[in-house]
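> Following this message is one structure expressed as structure tokens.
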Amino acid sequence: MRSRKALLAKFPRTHLSTTPGDAAILRILIEASGARRGIEVGVEQGFGAIHMGMGFERTGGRLYSIEIDPARVLEARRNIEKAGLEKTVSVIEGAALKVLPKLKGRFDFVFIDAEKPDYLKYLKTVEDRLKVGAIVVADNVIVHADAMVGFLDYVRKSPKYDTVIIRASMEKNDGMSVSCKLR
């Protein structure tokens, strides 16, 4: 869709925004896995949510994006609406550790990009509701590895997950962990 490409090309990203390369890999992972129900923890302005939303739109799925900052919630909702994805992406205002337990149903995709020391808590809060084959992506795992040692140790050593660290973009000189839930 031409208007989405134009919106994304001129998107006013900040240093907290998902990079274009990382956003593209998120969309590709959603489409390739056929994910239908996803969670995003930390939406910022919605750049990543728009990319993921395009993936979920193509799979007939839905993304629930959680953001604690009310101003970011409003901005993300406006940007998602500009992209025509408001029927695919819902931005929920609140602290993720309080919102996540309230989300109903099972999920097959999770993107974590919020408070780094809480990554393992976010995962553990939804883990029992992740389908076998679910993809769990965590951002900033190279630059902030020290802040998320528990999370990284868990997804690397747990027999429940197969995990790899990737760099889809060198823009921030960082990377993401990509885990597949095996059981």
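The values are calculated or read from the model by the stated rules, or taken from the named source; none is laboratory data. Computed from a predicted model, the values in this text were never measured in an experiment. Note that we place each Cβ from the backbone using ideal geometry, even for glycine, and neighbour counts take in every protein chain shown.
> Suppose we filter 128, 153, 174 for residues that are part of a helix (DSSP H, G or I) and more than 25 Å from residue 36 (Cα to Cα); which single one remains?
153
> Which of the residues belonging to segment 26-68 are surrounded by fewer than 20 Cβ atoms within 10 Å (Cβ to Cβ), in a loop (DSSP other than H, G, I, E, B) and either among the charged types (D, E, K, R) or touching a strand residue (DSSP E or B) at 6+ places or on another chain (Cβ under 9 Å) (or both)?
Passing the criteria: 34, 36, 68.
> Here's another thing I want to ask about it. How many residues, within segment 1-25, are part of a helix (DSSP H, G or I) and either at pLDDT below 75 or surrounded by fewer than 13 Cβ atoms within 10 Å (Cβ to Cβ) (or both)?
The number of residues fulfilling the criteria is 7.
> Would you check if residue 142 is touching a Phe, Trp or Tyr at 6+ places or on another chain (Cβ under 8 Å), of a type in the set (A, V, I, L, M) and closer than 24 Å to residue 47 by Cβ?
no
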